[in-house]
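K.L.:
My questions will all concern the structure given below.
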Amino acid sequence: MSGPRFLNCIVLVVGLGFFASSPAPSTPLVMQAASDVVSPGTTWEVTTCESEGIDAESIKTLVADIEAGKYGLVDHFLLIRHGKVVADHHFEQDYDSIFAKADDQTNQQYNYDHPAWHPFYRDTNLHTLQSVTKSITSAALGIALDEGLIPDGVKTKAMSFFEDHEIDLDDPRKIAMTLEDLLTMRSGLDWNEMISYDDATNSCIQMEASDEWIRFVLDHPMREDPGTKFDYNSGVSVLLGKIVRETTGKRIDEYARAKLFEPIGINNSYWKVTPDGEIDTEGGLYLEPHDLARIAYLFLRQGEWDGTQIISREWVEKSTSPIIPDIVPDDGRPNQGYGYQWWVPKHEEGKSIVYRGSGYGGQFPIIVPHLDLVIVFNAWNIHGRAEKNTQTAVHDIIIPAVSK
């Protein structure tokens, strides 16, 4: 990998739950008219913060703090406004030395402390996206629905896609589970992932260690009625990837490449393959930072790219709206919302103000539509806690820098 590179003030940010309680934006909508929309070519057009109405000193201070290590192990920071890159910073980290201290030196794709696999794929610029993979899996599924390959849409019973699997369907709740229940993390399955990934009882870690991922997920019993409670579950995202294969006849890596990646200029990617030959659609995708920004920008433009509707506007709007307004409604405080495998940290009256993908270690594509803004962070903060948080920086530094 190359050393640190800096382009003017280029940056892209992401956020988390803090947006849920932040005040509504007072900045007026600045989305460009259709005739002024920039469609990136092979590379992104580069400009300055000042030319796009961003306070450059604020971004400069943020970058200096990242360089100083205050945000932990940040690998890339990218900021795009009006379709132009205004901040683009790569930060070199010595992962060989960092991981040399790890107890597990096994060279395998689910050892998160091995530099051949994390955070970059085998000395390339392809960066692990972890659970941002879920958001992109949802996009591919949306394209399949747009093509009419699932006639009953998201109300289709989920188990109907697995009729050739031996499934215990004695529980009517499992029969009732719909595609939308999977998309919104309301499957009702008895799944244990809201704990540390260092905990051996974490269901996701157990799935990643198994030989048959689909079987592992389908064998889980039900805990509650589907569609009633948000319960984060990487296993259902694996099922979604399999459903894409069942409905399109193509493995999702092939289908996404043809229908999503190549049409928007993404020509380089890697996707982990599970032991039984399925694609890891819960956390196995690697993209370069500028290509992750292409996904975010496609959603900012409501599924349209250079005059072509890649994903329907309806699917983009539904995916990124707060179908679940508060993921933990009973804790006495506001929390972020959730759509179809997209997080919605800030929304009002059912409308998304900020939405994002989110991946283990600090993978964040963030979209702020009312500011015509895309922010991308790639990092690998999986051990300990940094002095500062990139998600907080979005709220406290980046958005105010644009609003000025």
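Derivation of every value follows stated rules applied to the coordinates shown; laboratory data play no part. Every value quoted in this text rests on a predicted model; they were computed, and no experiment measured them. Cβ placement follows ideal geometry from the backbone for every residue including glycine, while neighbour counts extend to all protein chains displayed.
K.L.:
What does the charge count near Ser358 come to, summing +1 for each Lys or Arg and -1 for each Asp or Glu among other residues with Cβ under 13 Å from its Cβ?
P.N.:
After counting each charged neighbour, the total is +1.
K.L.:
Given a cut-off of under 8 Å on Cα pairs at least six residues apart, what relative contact order in percent is computed for region 315-401?
P.N.:
16 percent
K.L.:
Quick one: Karplus J couplings for region 41-56, per residue in order, coefficients 6.51, -1.76, 1.60, θ = phi - 60°, nearest Hz, x for Gly and Pro?
P.N.:
For region 41-56, the Karplus-derived couplings read x, 4, 10, 6, 5, 10, 9, 10, 4, 4, 5, 10, x, 10, 6, 5 Hz, x marking Gly and Pro.
K.L.:
Determine ³J(HN,Hα), in whole Hz, for all residues of region 356-366 in sequence, where each value follows from phi through the Karplus function 6.51 cos²θ - 1.76 cosθ + 1.60 and θ = phi - 60°; x replaces Gly and Pro.
P.N.:
Per-residue couplings from phi come out as 7, x, 8, x, 3, x, x, 9, 9, x, 10 Hz.
K.L.:
Could I ask something else about it? Do the sum for the chain: with -39,500 (n - 2.57) for every DSSP H run of n ≥ 4, divided by all residues, what is the mean residue ellipticity at 222 nm, to the nearest 500 deg cm²/dmol?
P.N.:
Calculated mean residue ellipticity at 222 nm is -6500 deg cm²/dmol.
K.L.:
Something else: Could you give me the ³J(HN,Hα) list for region 135-152, computed from phi with Karplus coefficients 6.51, -1.76, 1.60 and θ = phi - 60°, whole Hz, x at Gly and Pro?
P.N.:
5, 6, 4, 4, 4, 5, 5, x, 5, 4, 5, 4, 7, x, 7, 10, x, 8
K.L.:
I need the Debye-formula profile for region 345-404: one equal scatterer per C-alpha, no solvent, reported as log10 I(q)/I(0) at q = 0.13, 0.21, 0.26, 0.29 1/Å, two decimals.
P.N.:
Cα-only, vacuum Debye calculation for region 345-404: -0.37, -0.88, -1.18, -1.32.
K.L.:
Quick one: Cα centre-to-centre distance for region 60-81 and region 308-369, in angstrom?
P.N.:
If you average the Cα positions of each part, the centres end up 24 Å apart.
K.L.:
A further question on this structure: How big is region 178-251 on each of its three principal axes, counting only the C-alpha atoms and giving the largest first in Å?
P.N.:
Each principal axis gives a Cα extent; for region 178-251 these are 36, 30, 17 Å.
K.L.:
From Cα pairs below 8 angstrom and at least 6 apart in sequence, can you work out the relative contact order of the chain, rounded to a whole percent? Show your work: numbers first, answer last.
P.N.:
Details: 830 pairs, mean separation 107.4, N = 404.
Here the relative contact order equals 27 percent.
K.L.:
Considering only Cα-Cα distances, which of the following residue pairs are longer than 28 Å: Lys84/Lys259; Lys84/Lys250; Lys174/Lys259; Lys70/Lys318; Lys134/Lys157?
P.N.:
Violating the 28 Å limit, Cα to Cα: Lys84/Lys250; Lys174/Lys259; Lys70/Lys318.
K.L.:
If you don't mind, another one. Hey, what's the Kirkwood Rh for region 238-340 if you take every pair of different alpha carbons, in angstrom? Mind dumping the intermediate values first?
P.N.:
Numbers: mean 1/r = 0.0648 Å⁻¹.
Across region 238-340, the inverse of the average 1/r is 15.4 Å.
K.L.:
If you rank Asp291, Asp164, Asp75 by fewest surrounding Cβ atoms within 10 Å, what's the result?
P.N.:
Asp164, Asp291, Asp75
K.L.:
To continue, here is another question. Arrange Phe364, Phe377 by Cβ neighbour counts within 10 Å, fewest through most, would you?
P.N.:
Lowest to highest Cβ neighbour count: Phe364, Phe377.
K.L.:
In addition: On a 0 to 90 degree scale, rounded to 10, what angle separates helix 289-300 from the longest Cα axis of the chain?
P.N.:
80 degrees
K.L.:
What net charge do the residues around Gly227 carry, taking every other residue with its C-beta under 9 Å from that of Gly227, with Lys and Arg at +1 and Asp and Glu at -1?
P.N.:
Working: positive: Arg186, Lys229; negative: Glu180, Asp181, Asp225.
Local charge sum for Gly227: -1.
K.L.:
Where the convex hull is taken over the Cα atoms of region 131-283, what is its projected area averaged over directions, in nm²?
P.N.:
For the Cα atoms of region 131-283, the hull's average projected area reads 8.9 nm².
K.L.:
With no solvent and one point per C-alpha, what does the Debye sum give as log10 I(q)/I(0) for the chain at q = 0.08, 0.09, 0.10 Å⁻¹?
P.N.:
-0.39, -0.50, -0.63
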